[in-house]
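Shown next, in structure tokens, is the structure this report addresses.
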Amino acid sequence: MKSGMAAKLARDEQAGNHPYIRPKDAATLLILDRDNTGEVKVLMGRRHHRHAFMPGKFVFPGGRVDRTDSRIKGVLPYHPLVKARLLKDLKSVKSEARVSAFALAAIRETYEEAGIFVGRQADAQAPRLGPGFEAFADRGIAPDLGPLRMVARAITPPRRPRRFDTRFFAVWADAIADRLPEGHGPSGELEDCVWPTLDDARHMELPLITKTILGDLEQRLEKDPDLSPETAVPYYYFRKGEFMRDVI
């Protein structure tokens, strides 16, 4: 595959002068909502222009996986097929805690950046969670990985100043348990949080990989409107200077 996005990424990779950097685990969350016409909308926010990484671009909430994300307790688990897909082709230690940390990072970052709590109201006492999830515990919300579906994985090309091995998750808006009234999160990383349709989103100022994931998602929804956990997902990476697209 060496056209379109592949050709641009290959040119960028060849032009890079940075030494090899091992990709860091990261995750992002596409919150989807169908409007009364049946069109699917997605939550996006603009990164501040002062940011060194992708300034001014519209992105999905997400970010780097923190060490503490693998230590969070009281979490409702993945669908087994989603967990199995996330375990494929891990570059280092394989553990359930690490795999759970992918979605937990996406859920935590979604709260921090967009003020949205993805989870389920606890039936009994407030859940004891851990660092980064204090606001969830205060509201009696347990993070719920069950509704999340993996929709893509992408590794930043070599010789970039920042590299991430990112898992892209999607979840329907009925998984929102609560939200902050301000319409944005406490971190202030994202501004102008909006809900464009998928078609409108593709015409916004987006990173190239974000535009690609949106296109993949549109194609998947045409055949798989409910985002079945059985559906294979695209996996983007570089190998020996060649841009690769596999499915996992």
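Just so you know, all these numbers are worked out from the coordinates, no wet-lab data involved. Only a predicted model underlies this, so the values are computations on that prediction, with no experimental measurement involved. Here Cβ is always computed from backbone atoms with ideal geometry, including for glycine, and neighbour counts include all displayed protein chains.
Quick notes on this structure:
- Among [x] 33; [y] 52; [z] 46, the entry derived from the coordinates for percent of Cα pairs over 27 Å apart: [x]
- Longest exposed-site-free window of the chain, the sites being chymotrypsin sites (Phe, Trp or Tyr not before Pro) in a DSSP loop that have at most 14 other C-beta atoms within 10 Å: 54-248
- When you restrict to C-alpha pairs under 8 Å that are six or more residues apart and normalise by the size of segment 110-219, the relative contact order lands at 32 percent.
- Within the chain, longest stretch free of exposed GluC sites (Glu not before Pro) [DSSP loop, at most 16 other beta carbons within 10 Å]: 40-181
- Segment LYS94-ARG245, extension gain: residue separation times 0.36 nm, minus the distance between their alpha carbons: 52.1 nm
- Seen against the Cα atoms of the chain and their longest principal axis, helix 5-15 is set at about 70 degrees.
- Distance violations [Cα-Cα > 30 Å] among LYS83/LYS223; LYS41/LYS240; LYS88/LYS240; LYS88/LYS211; LYS57/LYS94: LYS41/LYS240; LYS57/LYS94
- Relative contact order of the chain, pairs being alpha-carbon contacts under 8 Å that are 6 or more residues apart, as %: 29
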